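For reference, the structure is listed below as structure tokens.
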Amino acid sequence: MSAAILAESLTKYYGAVVGVEHLNLSVARGEVYGFLGPNGAGKTTTIRLLLDLVRPTRGRILVNGRDCRTSSRAVREQIGYLPSEMPLYPEMSGAAYLKFLGALQQRVDDGWLRRLLGRFDVSDVDLERRLGDLSHGMRRKFGILQALMGRAPILVLDEPTSGLDPLMIEAFAETVLELKAAGTTIFLSSHVLSEVERLCDRVGIIKRGTLARQTSIAELRAEMPRRVRVAFAGAAPAIPPSLRAGVKQAGTDYWKLEWQGALGPMLDALHGLQVADIEIDPFRLEEYVLDVYSREERAAR
Amino acid sequence: MRMFTALVGRSLARHRALIAGLTVVLSVMQILVVLAARNLQQDRMFAQIAALIPPFVQEALGGSMVLSFGGLVAFGFFHPVVMIALAVGAIYMASEPAGEVEHGLVDLIAARPVPRAWFITRSGLVSALTTTFVVAMMLAANRAATAWLAPAGLPLPGFSRMLRLALNLLVLSWTFGAASLAFAAHARRRLLIVGSLGLAYVFLFLLHFTAGLWAPARAFDRLSPFHYYAGLPIALGMKDPRADVLILLGTSAVLTVCAYIMYARRDL
């Protein structure tokens, strides 16, 4: 089965400036894909290429096997899009805004839209207010609603929870998980790494226009060293050979380890020692992403 | 069709203040011009004014015959302020594609399954339809005011002449609208388009005006769209504007085709 989104050597130059360069990525159908990268890395350019808003210098990007450039309209029929900078018609009411964008989308699932309005706590009064008078968070809700209301098979969401309160972030997460369960492919660009970690199956990290890494969250969990602090009841014993490579700091009554892979062998090695306490830091995508960013930074120097 | 109607409806809604303002101001101006003509006629002032105004100013106003009741009644269709107001209205409305890029709205509407060409069609149509509406209202106001205020027994420009005059003025404004559309298909700033074409308008108007007074400038007069709009001769039945209308329409068509081609190729 072909990928929902497939970029092949995708390159876009804005004059001398690199937007993206030789970008290869694939997003499977029904997958939630986190697209990460620092500001200016090329995330928005990739999304705009996907929507045929800008044209590639070289390479191509396919959606469900169709070229975004040559089958532009057919591709856009399959996509619900939330831009990062929420463009508005400030003089319009929320209801008129959704009606207008619904007319351009051709299909709107009214029952689903009603559910979304309830879930995102948008009242009839809110719907009648001018968009120009709404708060940033409220405008963002309308942005999410317009992207989701067509129940498109592919959603492209750029910084979706920016400006939302924690309750609405939770509502958004629930919605993403529900859509994922229904088979929707979601391409999610975000700086909120906890959100990406929770929602995404895989992540791609883009840096300076090229894909620095593409992997699954499960692989990352297995691959990333975990920070472990082992405290002893009394003086710390001699370090067993199986733990030597992992121990980064040995105190009088504690060890600090960085442990990669399954924790079972480490716990086996500690068996029989006078262990008073073990602290294992949870996996944090943030650390991994920052590591990739800084590695790339060092390589660039 | 629903998509296109929604696009046109939104564009009309966004420009409604401009359309209403242009319609009211230019229609009221027709009534005021007819009122002024009546007062001048009743006070027998036309000959005195003609003696006071230098010939080149009369020429700029459309010729010496503008200083007659019939000429002044039609003057509301070739008064420089009327012409520039209508052209700026056409230019502004046709520049909408650039405004959508400038304000990021294109990310919202062009990301939906709307054919790109429709944004050009929409803006061209809105610009053309609204200027047609404004000119139709001007014509209606002019005819109503003339019927109501004209002193009895005076020769007046017939309806068909006024219609030809209005049509020529309309097509002149379409030419500027089409130029704006072509510019907007490439540009990212709406103000740049309105400012540049506003300056171009003044330059081309002065070129035409200079050509009427200074022989060496006549070689370039054909480059000015104003060369193809002879207001007073049309109003007085001395010129058939068909050839001029066709030239202006042809220019507008070429500019519109350029707009389609450039917009289809550009990054939004």
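The values are calculated or read from the model by the stated rules, or taken from the named source; none is laboratory data. Note that the coordinates shown come from a computational prediction; the quantities given were computed from them, not determined experimentally. As a convention, Cβ positions derive from the backbone with ideal geometry for all residues, glycine included, and neighbour counts pool all protein chains shown. These area figures cover heavy atoms from the full protein model, side chains too; ligands, DNA and RNA do not enter into them. Shrake-Rupley method; radii C 1.70, N 1.55, O 1.52, S 1.80 Å.
Quick look at the numbers
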read-out: Over the stretch A:111-202: Rg over Rh, Cα atoms, Kirkwood Rh; value: 0.95
read-out: Principal axes of the stretch B:2-265: Cα extent on each, largest first, Å; value: 64, 44, 28
read-out: With every protein chain in place, the stretch B:75-197: carbon and sulfur % of accessible area (1.4 Å); value: 73
read-out: Estimated vicinal HN-Hα couplings, Hz - the stretch B:222-238 in sequence order (Karplus 6.51, -1.76, 1.60; Gly, Pro = x); value: 5, 6, 8, x, 6, 4, 9, 9, 9, x, 5, x, 5, 5, 8, x, 9
read-out: Solvent-accessible area per residue for the stretch B:1-141 (1.4 angstrom probe, square angstrom); value: 38
read-out: For the stretch A:259-295 and the stretch B:1-41, distance of Cα centres in Å; value: 73
read-out: Per-residue SASA entry for A:Glu85, accessible area with 1.4 Å probe, Å² rounded to 10; value: 150
read-out: Buried accessible area, chains A and B (both chains, 1.4 Å probe, Å² to nearest 100); value: 2500
read-out: Stokes-Einstein translational diffusion, the stretch B:136-268 - Kirkwood Rh over all Cα pairs, 1.306 mPa s, 10 °C, in µm²/s; value: 94
read-out: Radius of gyration, Dmax [chain A; alpha carbons; angstrom]; value: 23.2, 73
read-out: Taking the convex hull of Cα positions in the stretch A:46-151, its mean projected area over all directions (nm²); value: 7.2
read-out: Whole-number percent relative contact order across chain A, with pairs defined as alpha carbons under 8 Å at least 6 apart; value: 20
read-out: Of A:Lys141/A:Lys207; A:Lys43/A:Lys141; A:Lys12/A:Lys141, pairs whose Cα-Cα distance is over 24 Å; value: A:Lys141/A:Lys207; A:Lys12/A:Lys141
read-out: Whole-angstrom gap from the stretch B:112-185 to the stretch A:77-126, using each part's C-alpha centre; value: 36
read-out: Cα-based convex hull, the stretch B:47-151, per residue volume (Å³, whole number); value: 128
read-out: Cubic angstrom per residue, convex hull over Cα atoms of the protein assembly as shown; value: 208
read-out: Percent of Cα pairs exceeding the 15 Å cut-off, where the set is the stretch B:79-124; value: 52
read-out: A:Tyr13, A:Tyr81, reordered so the largest accessible area comes first (probe 1.4 Å); value: A:Tyr13, A:Tyr81
read-out: Separation between Cα centres of the stretch A:193-231 and the stretch B:205-262, rounded to whole Å; value: 66
read-out: For chain A, share of DSSP beta bridges that run antiparallel, in % to the nearest 5; value: 65
read-out: Space enclosed by the convex hull of the alpha-carbon atoms of the stretch A:207-286, per residue, Å³; value: 105
read-out: Solvent accessible area, Å² - A:Arg151, 1.4 Å probe, full protein context; value: 90
read-out: Using alpha-carbon coordinates, inclination of helix B:2-14 to the longest axis of chain B, degrees; value: 50
read-out: Estimated distance in nm for a label pair at B:Val57 and A:Thr252, the labels positioned 7 Å out from Cα along Cα-to-Cβ; value: 10.5
read-out: Under 13 Å from A:Lys256, Cα to Cα: aspartates and glutamates that are on another chain or at least 8 residues apart; value: A:Asp277, A:Glu279, A:Asp281
read-out: Environment charge at B:Thr146 (Cβ cut-off 14 Å; Lys +1, Arg +1, Asp -1, Glu -1); value: +3
read-out: The protein assembly as shown: antiparallel DSSP beta bridges as a percent of all, rounded to 5; value: 65
read-out: With Cα atoms, 0 to 90° folded angle of helix B:16-42 axis to chain B main axis; value: 10
